[in-house]
Every structure is written in structure tokens, then in C-alpha cells.
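Comments concern the structure below.
No value in this document is a laboratory result; all are computed from the given coordinates. Every value quoted in this text rests on a predicted model; they were computed, and no experiment measured them. When we count neighbours, we look across all protein chains shown, and the Cβ atoms used for this are built from the backbone with ideal geometry, even at glycine.
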Amino acid sequence: METIPDIKRDTSGITTQYVGTGIVNLGAFAAGVCVAWSSSALPLLITEYGKDYTTPIPDWAEQNSTYDENFKTRLELSDTQGSWVASLLCLGAVFGAVPSGLISEYFGRKKTLLYLALPLLVSWILVASSPNVYGLYVGRFVGGIAVGAFSVSIPPYVEDIAEKHLLKTLANFYHVDFNCGVLFGYFIGIVGNVSWLSVLCSLIPIAFFIAFIFLPESPTYLMSQGKYSEAKAALRYYRGIDNDIDGEIRTLRDYLMNAGKNRVSFKELFTTRGMLKPLLVSFCLMIFQQMSGIYAVLFYARKIFKNLSVSLNPPNAAIILGFGLVSSTYFSTMLLKVVRRRVLLMTSFIMMALNLGGLAIYYHLQATNFSSNNTGVPLFTLCFFVIFYAAGAGSIPWLMLREIFPPHAIRRATAITAGVHWFLAFTVTKLYQNLEDLVKPGWAFWHFAVSCVVGTVFVYFFVPETKGRSLEDIQNEFEGIHKKKRHRHVIEVESLSEV
């Protein structure tokens, strides 16, 4: 009897997909560093000018610090100026997020992403060398443009290079790398000098540019431009030399033909019923995500820990917070495979509300001179807050964009939703300082806690379950066509036929 030899699949393409995804998500890592920078830098910028800040600086950092009296008079920041320095990153991100999808469609995914390293590098140069606060404003805003554009431009590149069975895993790299960037930004804060801190941050966009320049352009973009041989070469790079890709090329060609016919404009997102409802759900999820105060915590972590008089010094406490954020992101990847989206979202919001409420109570007790030796409580409370954020409210709103919109509308919907996300982040980050001055931090955290409770109610009544469901089924639910109604209709038809 003749035996049929085993056909072994070339698995080198899987490794290449992981490596390519890791390299392109250096942009996400750089974005996370930008967010964490304000937590590490603002206490130095403000407290180097005579304010009460007792965080110890390592001897080696103090000996090599460039701080002097001239520097002191050059860059003295008030709390209000500090809030602008922090929040302008998010405002710049609005202007980067919304148009970046269109730009990448015309100039290519790779070129767009490569060129984003330039404004990010310029921003760090401005921040490191600025003689006044206005240079910091410009530097942060310019850096924000790159951060917002990365948030919209990186996921499509990963989608274009990933095989279907790897897509969900590779798509989560963005959140993992972003949070790793936050942790890194907290960690290098021990340098104790703003200029050197910014120089270290500037190395990341340089590394991204050098590594990413060797990767091929997106096969989907090349195919859309009629460059079939180049598209085939790029796809073969990510699938392995010995694997047959002809079937995938045909599928890709058919997809692009259908996408061209059914392309959705920004206007149609707001005027088509089947698009407007999921868009409003996406907007609301981003509203409750940001109204939880997550970016206020990430941007001002060291300041918050100082105000709460935690048992550790603020830089070390911020590093622990970053570890909690990263570890939860890895854990959430496994949870998403087995737990329903709505359950994770509601659990996330409820637990965030409980931890924020506990933190608010601690603030109030602290204001009444309540004597307590539990100075580690605020650290654990904030760690659990970011852990439950990363496990649900942080990643699921982005994931659901791919599940509630048809393929030809995802990228427009992502761009506009990302713009809303970053504008809300700007608003919360900027107004947190005002809330702190006006009603004290405890009341600010009560506000965040109540927002999480309202977010839970919203998810329960208005957010459909998407795990394991087809797009058609989800769209029908948005249109008001429910399974029970369809099932009852089928029964009625069958009973009539029997008569």
C-alpha cells in the first residue's frame, strides 16, 4: 500500500508575524512612555523650585543633575502650567488620530508609521532643551500628534500581516506594549533629571525607525495600489517562503473589490442607522472609560501617591502601579478567550468603582487627621483599580470596534472613536487639577467612582454581547431585530404550513 508523505507547513511565517507585530508596536510602547513622562517629570519640574516634595533622589542622579539656579528661573512651573504640560499630549493626539487613517490609505501604512517617529523625536528634543514652558507645551502637543496617529495606524498594519487564527493574540500587543511603555516611563523616572529623562525617551522612536524600516509594506495596501508582485512578496515574507499563498491573495483581492464598492464615509457613520447606533455605543464606552479617571491616575501617579502619604516613596509606588497595569493586560488576554465581553466590562467598572470609592474615603479620613498605620492601602487600592481597568474597560471598547462594525467601516469608525477617546483624555487630565483645587482630591475620586457605576448600568442596558456572535446577528440587534422575534416568526410560518 502506497503511503502519502506528510506535508509539513512552513512555520517560520508565524515567528515573522510575531516579530513584525512586536516591532511595529514599539510605537505603542513609545506612546505609553509619553503618558508616563508627566508623572515622572512634573514633580521634578515643579518641586525643583522650592515646593514641598520629599521623594529621595538617588545619589548618582543628584551628583550628575544639571539643576542649577539659572535652570530654576528658566522653567518654574505652577500647578496649572503642569496640568497643561500633561494634558496637551492628549489634545495633540486628537489631531493625530482622526486623519491618520486617511493618510495611511494614500501614502501607505509603512510610510505613515515611519514618518511618525519624526514628530515624536522632535517633541523629545523640545522637551529636553526648552528654555521656557511654551517649548514644553509645543513639544508635548507635537508628541501627542504621533501618539494619536499610532493608536489608529498600528492596528491596521497588524491586521494586514496577521493570519486569522493569530489576529486576536497579535492585536492585543498594542495594549500590552502601551502599558509596558507606561511602566518603563515610571521606571526611568528614578533618573531624577528632566533633560536626561527626555533623552532616554527619545531613544525609543529612534529604535522604532531603525527596526521598522526593514519590514515590508502592508500586503493589503500594496494590493490596493495594484502592486501585485510586491504584495505577494510581502505576504510571503509573513507566511513563510514554502507556504502556498495564492488562495490568500485571491481572497485579499476579492476583499478589496468589495471594500471599494461599500466604502463608508465619515458622514455615513452619523447618518446611517446601522452605523450610528454602534458608533454611539463606542463613544459612550470611551466616555465612561475616561470618566473613570484612568489617565488622571497614570499622568499624575507620583503626585497622587505623595498626597496620599503612601508607605513607599512615590517613584517606587508608581513603578509598582505600572507592574500591576502590565500584568493585568497579559491576564486579560486569557480572560477574553473564555469570558463574555459584557461580563468583563461590568465586572471591570464595578470593581473600579469600589476601589475609587475606597480611595475617596481614604482621602476624607486623611483630611480629618485620622491616624492610621495602613499607608499601604492607597497603593493597593490604585493597583487594583488599574488592574481591573486593564482587564476590561481599557481594552474591550477597542476590541468591540472590530466586532460591531462591518469591515468596510471599521477604520473610519476607529479613527473618529480614537479622536473622541483622546479628547476625553485631554479633558479629564486637564480638569483633574481644577477638581483637586476646587473640591479636593477625595471628591474628584467620588466623581470617578460614580461614573464607573453609571458605566456599568449603560453596559447592562445598551451594549450587546459580541463574543461568539456573527456580525449580522449583532447588526440585527442594533436594528431592533431580536432572535426571539425571528424565532416566533418561524414558528408561525411552520404552523400555517401545517394547516
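How much length, in nm to one decimal, is gained on full extension between ILE361 and TYR330, taken as 0.36 nm per residue of separation minus their Cα-Cα distance? Write down the numbers at each step before the final one.
Numbers: separation 31, 0.36 × 31 = 11.16 nm, distance 3.03 nm.
Taking 0.36 nm per residue and subtracting the Cα distance, the gain is 8.1 nm.
Please turn the phi angles of the range 184-195 into ³J(HN,Hα) values with the Karplus equation 6.51 cos²θ - 1.76 cosθ + 1.60 (θ = phi - 60°), one per residue in order, whole Hz, x for glycine and proline.
4, x, 5, 5, 6, x, 5, 4, x, 9, 5, 5
Under a Cβ-only charge scheme (Lys and Arg +1, Asp and Glu -1), can you give me the dipole magnitude of the chain about the Cα centre, in debye to the nearest 20?
900
Tell me the relative contact order for the chain as a rounded percent, counting alpha carbon contacts under 8 Å between residues six or more apart.
On the way: 717 pairs, mean separation 112.0, N = 499.
It rounds to 22 percent for the chain.
Which distance in nm do the two modelled labels at LYS440 and THR368 give, with both placed 7 Å along the Cα-to-Cβ direction?
In this crude label model, LYS440 to THR368 measures out at 1.0 nm.
For the range 12-215, what is the per residue volume of the convex hull drawn over the alpha-carbon atoms, in cubic angstrom? Mind dumping the intermediate values first?
On the way: hull volume 24.0 nm³, N = 204.
In the range 12-215, the Cα hull volume divided by residue count equals 118 Å³.
By the scheme Lys and Arg +1, Asp and Glu -1, what is the net charge of all other residues having a beta-carbon under 10 Å from that of PRO156?
Cβ neighbours under 10 Å give a net charge of -1.
Points 7 angstrom from Cα along the Cβ direction at TYR228 and TYR115: gap in nanometres?
Rounded to a tenth, the inter-label distance reads 2.9 nm.
If you plug each phi of the range 228-244 into the Karplus form 6.51 cos²θ - 1.76 cosθ + 1.60 with θ = phi - 60°, what whole-Hz ³J(HN,Hα) values come out, in order, with x for Gly and Pro?
So the Karplus estimates, Gly and Pro as x, are 5, 5, 5, 5, 5, 5, 5, 5, 5, 4, 8, 10, x, 5, 8, 8, 6 Hz.
Just to be sure I understand the model, the point goes 7 Å from the Cα along the line to the Cβ. What's the resulting ASN307 to VAL454 distance in nm?
2.1
Please check the chain for the longest run free of chymotrypsin sites (Phe, Trp or Tyr not before Pro) that are loop-located per DSSP (anything but H, G, I, E, B) and have at most 12 other Cβ atoms within 10 Å.
Counting only loop sites that pass the neighbour cut-off, the longest clear stretch is 1-213.
Report, in deg cm²/dmol and to the nearest 500, the calculated mean residue ellipticity at 222 nm for the chain, where each DSSP H run with n ≥ 4 adds -39500 (n - 2.57) and the sum is divided by the residue count.
Calculated at 222 nm, the ellipticity per residue is -26000 deg cm²/dmol.
Put +1 on the Cβ of every Lys and Arg and -1 on every Asp and Glu Cβ in the chain; which of MET400, TYR238, SER195 then has its Cα farthest towards the positive end of the dipole?
Value: MET400.
Each residue of the range 280-287 in order: what ³J(HN,Hα) in whole Hz does its phi give by Karplus 6.51 cos²θ - 1.76 cosθ + 1.60, θ = phi - 60°, with x for Gly and Pro?
Karplus values, whole Hz, x for Gly and Pro: 5, 4, 4, 4, 5, 4, 5, 4.
On C-alpha positions alone, give me the angle between the axis of helix 377-388 and the longest principal axis of the chain, in degrees, nearest 10.
20
Given GLY13, LEU312, TYR389, which one lies farthest toward the positive end of the charge dipole of the chain, if we put +1 on the Cβ of every Lys and Arg and -1 on the Cβ of every Asp and Glu?
TYR389
In whole angstrom, and with the biggest value first, how far do the Cα coordinates of the range 112-227 range along each principal axis?
Principal extents (Cα only, largest first): 49, 28, 21 Å.
With 24 Å as the limit, write out which pairs from LYS110/LYS168; LYS168/LYS267; LYS227/LYS267 have Cα-Cα distances beyond it, or answer none. Display every interim value, and only then the final one.
Details: LYS110/LYS168 21 Å; LYS168/LYS267 29 Å; LYS227/LYS267 30 Å.
Distance filter (> 24 Å) returns LYS168/LYS267; LYS227/LYS267.
So how tilted is helix 407-462 from the main axis of the chain? Cα-based, degrees 0 to 90, rounded to 10.
20
With just the Cα atoms of the range 265-494, tell me how far they stretch along each of the three principal axes, in Å, largest first.
Between the extreme Cα coordinates on each principal axis of the range 265-494 lie 73, 35, 29 Å.
For the chain, taking Cα atoms only, what is the radius of gyration to one decimal and the Dmax to the nearest whole Å?
Taking only Cα atoms of the chain, I get Rg and Dmax of 24.6, 96 Å.
With angles folded into 0 to 90 degrees, how steeply does helix 12-24 sit against the dominant principal axis of the chain? Use alpha carbons for both and round to 10.
With rounding to tens, the tilt is 40 degrees.
Quick one: which residues, 5 or more positions from GLY240 or on another chain, have an amide H under 5 Å from its amide H? H modelled 1.01 Å from N in the peptide plane, none for Pro or chain starts.
Close amide H contacts, sequence-distant or interchain: GLY13.
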